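Contents: one structure, followed by commentary.
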Amino acid sequence: MNDPQFALIGSNAGMNRGNGCIYPADNPVDVWQFELDLAMDEVAEVERVLSPDERGRANRFKHADDRDRYIIAHGSLRMLLGRYVDEPPGQLEFNCTPNGKPRLVNPTRPSLRFNLSHSDKLALVAVTCGREVGIDVERIDPNCDFESIAREFFTPAEQAALRASPSHERCSTFFKLWTCKESVLKAMGEGFQRSPTSISLTLQRDRKSVELEIPQDSTEARRWSIRILPGITGYAAALTIEG
Ligand SMILES: CC(C)(COP(=O)(O)OP(=O)(O)OC[C@H]1O[C@@H](n2cnc3c(N)ncnc32)[C@H](O)[C@@H]1OP(=O)(O)O)[C@@H](O)C(=O)NCCC(=O)NCCS
């Protein structure tokens, strides 16, 4: 079977290639990107590596495009993680933390951590070892009513920063803050079970880095590093890692 085309778009260390597997040399975070639109015959091939549960979930989508993208996202995730642990993708097992964050069950690599995000035609996967990770990608929709989303999900300080940004940058500022926020909530493993307004983000002057504040819990805030992932045309993306 041909693997989908994975592109490594970021890694903070080299990779060791040994025993047929790819494994982090000194605890890097690898960020992989892949397309979710494949030809029908390719979708059928990727579907073969899914578990019965995943196939069931795929079949519950009403629209064929959503079904196919789910299959490609989860099949590709299996193919990618299979390389890290040197196991056939169809044999990988997953479970979830109590808050629903997926984990790979693998006795030889128990500390491997990953996180998946998909939006429209694109997926990103972050993979690391021994520390939590969260990733988020969103297609930038210039027609999105981001001001009303911000009113509901942003802190007053974030809303003020958005209003203060130049009008031509406001939409991109919103998507930067939004993906950073979601990547933090996903790294924590809570997703939107935790209120998005319980964490506050400040986009720094360079507009490339972000500071996290968690009222009454500065220790928790210091636990996380946030990176805006640049250079994905038409999308905003962010990564949060522990440490
Ligand atoms: C996790 C969450 C933030 C994802 O938001 P999103 O923008 O729709 O989706 P993304 O593409 O960025 O991420 C989705 C992936 O995140 C992962 N994920 C799911 N729950 C997660 C969690 N609690 N923490 C981190 N990652 C999670 C999964 O791999 C998921 O892929 P899938 O939906 O194809 O299975 C959101 O769905 C959420 O808050 N979920 C928790 C609340 C909930 O509904 N729980 C029900 C199941 S316990």
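Every number in this text was worked out from the coordinates using simple rules, so none of it is lab data. Please read these numbers as outputs of a predicted model, since none were measured by experiment. No Cβ is skipped: glycine too gets one built from the backbone with ideal geometry, and neighbour counts run over all protein chains shown.
Scan segment 94-119 for residues that are of a type in the set (Gly, Ala, Ser) and either touching a helix residue (DSSP H, G or I) at 6+ places or on another chain (Cβ under 6 Å) or more than 14 Å from the ligand (Cβ to nearest atom) (or both) and jot them down.
First, pick out the residues of segment 94-119 that are of a type in the set (Gly, Ala, Ser): 100, 111, 117, 119.
Across segment 94-119, the qualifying residue is only Ser111.
Take the residues of segment 125-145 that are small (Gly, Ala, Ser) and in contact with a strand residue (DSSP E or B) (Cβ under 6 Å, 6 or more places away or on another chain): which is farthest from the ligand (Cβ to nearest atom)? Break it down stepwise before answering.
Residues of segment 125-145 small (Gly, Ala, Ser): 126, 130, 134.
Adding the requirement that they be in contact with a strand residue (DSSP E or B) (Cβ under 6 Å, 6 or more places away or on another chain) leaves 126, 134.
Numbers: Ala126: 10, Gly134: 6 Å.
The selected residue is Ala126.
So Thr240 passes all but one of these: (1) touching a helix residue (DSSP H, G or I) at 6+ places or on another chain (Cβ under 7 Å); (2) hydroxyl-bearing (Ser, Thr, Tyr); (3) under 18 Å from Leu124 (Cβ atoms); (4) part of a helix (DSSP H, G or I). Which condition number does it fail?
Single failed check for Thr240: (4).
For Phe175, are the conditions met, namely being assigned to a helix (DSSP H, G or I) and free of Cβ contacts under 8 Å to residues at least 60 places away in the same chain?
No.
Count, please, the residues in segment 173-196 that happen to be surrounded by 14 or more Cβ atoms within 10 Å (Cβ to Cβ) and more than 9 Å from the ligand (Cβ to nearest atom).
Number of matching residues: 10.
Quick check on this structure: which one of Leu77, Leu122, Leu81 is near the ligand (Cβ under 9 Å from one of its atoms), buried (at least 21 other Cβ atoms within 10 Å of the Cβ), aliphatic (A, V, I, L, M) and on the phi < 0 side of the Ramachandran plot?
Unique residue meeting the criteria: Leu77.
Taking segment 47-66 only, how many residues are within 14 Å of the ligand (Cβ to nearest atom), over 19 Å from the mean Cα position of the chain (by Cα), buried (at least 17 other Cβ atoms within 10 Å of the Cβ) and not in a loop (DSSP other than H, G, I, E, B)?
1
Could you tell me whether any residue of segment 153-162 is out of contact with any strand residue (DSSP E or B) (no Cβ under 8 Å at 6 or more places or on another chain), crowded, with 17+ Cβ neighbours inside 10 Å and not in a helix (DSSP H, G or I)?
Yes - at least one qualifying residue is present in segment 153-162.
Tell me the strands (runs of 3 or more DSSP E) entirely within segment 91-140 that contain at least 3 residues that are within 12 Å of Met188 (Cα to Cα), within 12 Å of the chain's Cα centre (by Cα) and not basic (Lys, Arg). Working first, answer last.
Details: elements: 93-96, 102-105, 112-119, 122-129, 133-139.
Those strands (runs of 3 or more DSSP E) span 133-139.
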